[in-house]
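Presented below is the structure to which this report refers.
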Amino acid sequence: MSAPIIELRQVHKWFARFHVLRAIDLSVKAGERIVICGPSGSGKSTLIRCINRLETHQKGTIIVDGIELTERTRDIEAVRRKVGMVFQQFNLFPHLTALQNCTLAPIWVQGLPKRAAEEAAMRYLERVRIPEQAHKYPGQLSGGQQQRVAIARALCLNPKIMLFDEPTSALDPEMIKEVLDVIVELAESGMTMLCVTHEMGFARRVADRVIFMDEGEIVEAAPPERFFGAPENERTRQFLSQVLAH
Amino acid sequence: MTRGHAPNGPPPLPRGPIAWARRHLFNTWYNAILTLGALYLIALGLKAAIGWIIVDAVWLGGSEACHAAKGEGACWALIAEKHRFILFGTYPYEEQWRPALAVALFVAAVGLSTWRRLWSRALVVGWFVLFAALALLLHGGVFGLTPVSTELWGGLPLTILLSVIGIGLSLPLAVLLALGRRSSMPLIRAISVGYIELVRGVPLISILFMASVMFPLFLPEGVTINKLLRAQVGIILFSAAYLAEVVRGGLQAIPSGQYEAADALGLGYWRKMRLVILPQALRLVIPPMVNSFIATFKDTSLVIIIGLYDLLGAVRTATNDPLWRAFTTEGYIFVAAIFFVFCSFMSRYSRRLEQGAGERRPQ
Ligand SMILES: Nc1ncnc2c1ncn2[C@@H]1O[C@H](COP(=O)(O)OP(=O)(O)OP(=O)(O)O)[C@@H](O)[C@H]1O
Ligand SMILES: [Mg+2]
């Protein structure tokens, strides 16, 4: 229908001699929700970090919302303004309050006046259901609350795309749900997102497409019904039998 | 088992100074002996010190009074007689209200700046303005003030000027050097590493010597740069090299996730450093940084070798007077006390900074 908002063509990446990403082809439509899974070390994080250039690829083409990622700092910063990222370890700025974490980029990157940035940030903090924690420092929040602040912080730049790298893996079980609920809501609002996760229930519920990676390759990519119901690849079947056994 | 105490929770320890002493000082027989022995030695020392410093000291009078005391007591008459010279050096006697006012203004400004509510960009600007004003006040030549050449500046104002400007300007330079040393650009990295290693490899004395003796040789004929300025630049450049390594330590301690989160927000290099990384890194290295500041404060005394008379130089000159030559110790004790007041203020205030800022808990 429309042009893809993210396009990767024959992307390769090496860490020194180690070939992490091999011939990745991936195209994501606006509004599409993609879940990426695969064994540890298969290159999932590396793949999504290439999309906002936290990692550089060495071969192939990556185009994000019409901008090709190259050495050009201008393009990189333009892409980063369109792409929000949420990390496994939250990575909130510990010297700033939740609210200040959220307003930092709008004020300094977008040049919003402080008041406007704070009002917008409060709306997002309400959306992740922690407006009452706005003036606390990250060290005073639980893991689940921190991750929700991190989501709000990413949303404050009005990104077109959200990247999640195992957003619930560092959380205690009772906090996973509160974070997943927020992400599900976001997915339902039509945000384009790529999410690395092992939460298969979440994948079934929200994904348009599930991608399985192994040893730097995309082994299988299919809508959840087919991915979980009738996986084609032997490696996928093996992986699923392990993950779903728990 | 519980011996009659509340069943949950440890038995309460007896309180009070006597209980404390019994627990820590007299808990075994050999500890008791050590405690008594140490107390005896401390008492002896205190008695001698109080005797020399206070009881038998000569407070007023000429040097004859001090000589008459035959070293039984300290000669504080020296300070009464020479304090203006020690504090203000060779600054013209009738004009010494100017350095006195400068020191007073400086101390007042420090007092105000410790008030966190006033912290802002305006305060930084205020400090620059203050120092320009202080320099003007000392230098004169305007507003009807008699001009006083910088060659004559000395004592406490000189110490403060050299060290505070040295500290204040070496910190930003150090931050740049530390960032440069971690830069991904090879040329910048090489320059930073080269500078830091070179300067750390030579003593401050030799840098001051170079600044005062060798540097003018490179200048075209007729061009001279003020000796005080040269010493000041030498101190800044020297202390920046040490501070840079301290700052680098802080930068290295910040987890890579912080850099990545700032990158992902599109902050760009300078904003990332200024808003995210440096505030955390600098707070982390407050203790070694203050260490460095204190060292700089004391190192300014070395300017004596190029003929500038800071506090220490002034006391040395003051006690060169044949009448008072026997009482240099008292002079040195006096300036040591002044140094101590300044340095201990720095270390106490820095401890408050470490605890206070950052993860302040809302009330
Ligand atoms: N900076 C790096 N330098 C060298 N090797 C790296 C680096 N980052 C990752 N790797 C390696 O690249 C491979 C892929 O890493 P990546 O983090 O993408 O895996 P992953 O699929 O996200 O795994 P996990 O599920 O454990 O997060 C791993 O073998 C890892 O050791
Ligand atoms: Mg990973």
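Things to note:
- Extreme residue, surrounded by the fewest Cβ atoms within 10 Å (Cβ to Cβ), among residues of the stretch A:190-202 that are more than 14 Å from chain B (Cβ to nearest Cβ) and within 16 Å of ligand 2 (Cβ to nearest atom): A:His198
- Filtering the stretch B:157-193 to residues that are among the hydrophobic types (A, V, I, L, M, F, W, C) and more than 21 Å from B:Leu251 (Cβ to Cβ) leaves B:Leu158, B:Ile160, B:Leu161, B:Leu162, B:Val164, B:Ile165.
- Within the stretch B:221-245, restricting attention to residues that are of a type in the set (D, E, K, R) and farther than 30 Å from B:Val285 by Cα, the residue that is surrounded by the fewest Cβ atoms within 10 Å (Cβ to Cβ) is B:Glu221.
- Scan the stretch A:121-137 for residues that are away from chain B (no Cβ under 12 Å) and surrounded by fewer than 18 Cβ atoms within 10 Å (Cβ to Cβ) and the total you get is 6.
- In summary, helices (runs of 4 or more DSSP H) completely within the stretch A:132-216 and bearing 3 or more residues that are more than 22 Å from A:Leu26 (Cα to Cα) occur at A:143-155, A:173-188.
- Condition broken by A:Phe15, with the remaining ones in (1) within 16 Å of ligand 2 (Cβ to nearest atom); (2) farther than 30 Å from B:Trp270 by Cβ; (3) surrounded by fewer than 19 Cβ atoms within 10 Å (Cβ to Cβ) satisfied: (2)
- Within the stretch A:146-179, considering residues that are free of Cβ contacts under 8 Å to residues at least 40 places away in the same chain and either within 12 Å of another protein chain (Cβ to nearest Cβ) or surrounded by fewer than 22 Cβ atoms within 10 Å (Cβ to Cβ) (or both), the one farthest from ligand 2 (Cβ to nearest atom): A:Asn158
- Residues satisfying the stated conditions in the stretch A:19-48, i.e. among the polar types (S, T, N, Q) and more than 16 Å from A:Glu7 (Cα to Cα): A:Ser40, A:Ser42, A:Ser45
- Identity of the residue in the stretch B:247-276, of a type in the set (A, V, I, L, M, F, W, C) and surrounded by fewer than 21 Cβ atoms within 10 Å (Cβ to Cβ), that ends up nearest to the other protein chains (Cβ to nearest Cβ): B:Leu275
- Residue pairs whose Cβ atoms lie under 6 Å apart, separated by 6 or more positions or on different chains, with the first residue in the stretch B:307-327 and within 10 Å of B:Leu87 (Cα to Cα) and the second surrounded by fewer than 19 Cβ atoms within 10 Å (Cβ to Cβ) and modelled with pLDDT under 80, do not occur.
- Residue check, A:Asn233 polar (S, T, N, Q) and touching a residue at least 12 places away in the same chain (Cβ under 8 Å): yes
- Subset tally (residues that are within 20 Å of B:His139 (Cβ to Cβ) and touching a residue at least 40 places away in the same chain (Cβ under 8 Å)) for the stretch B:231-259: 4
- Residue in the stretch B:285-308 that is β-branched (Val, Ile, Thr), in a loop (DSSP other than H, G, I, E, B) and farther than 30 Å from A:Phe93 by Cβ present: no
- Residues in the stretch A:9-54 that are within 8 Å of ligand 1 (Cβ to nearest atom), among the polar types (S, T, N, Q) and in contact with an Asp or Glu (Cβ under 6 Å, 6 or more places away or on another chain): A:Ser42, A:Ser45, A:Thr46.
- Residues in the stretch B:171-185 that are buried (at least 22 other Cβ atoms within 10 Å of the Cβ) and closer than 18 Å to B:Leu130 by Cβ: there are none.
- Hits in the stretch A:180-213 - residues which are farther than 21 Å from A:Leu92 by Cα, in contact (Cβ under 8 Å) with a residue 24 or more places away in the chain and of a type outside the set (A, V, I, L, M, F, W, C): A:Glu185, A:Gly190, A:Thr192, A:His198, A:Glu199, A:Arg204, A:Asp208, A:Arg209
- Filter pass, B:Phe215 being under 27 Å from B:Gly168 (Cβ atoms), crowded, with 21+ Cβ neighbours inside 10 Å and assigned by TED's automatic domain parsing to the domain that holds B:Ser183: no
- Taken together, the residues in the stretch A:37-75 that are free of Cβ contacts under 8 Å to residues at least 24 places away in the same chain, of a type in the set (Ser, Thr, Tyr) and away from ligand 2 (no atom under 15 Å from the Cβ) amount to 2.
The values are calculated or read from the model by the stated rules, or taken from the named source; none is laboratory data. In this text the structure is predicted, and so the values were computed from the model without any measurement. We place every Cβ from the backbone using ideal geometry, glycine too, and count neighbours over all the protein chains shown.
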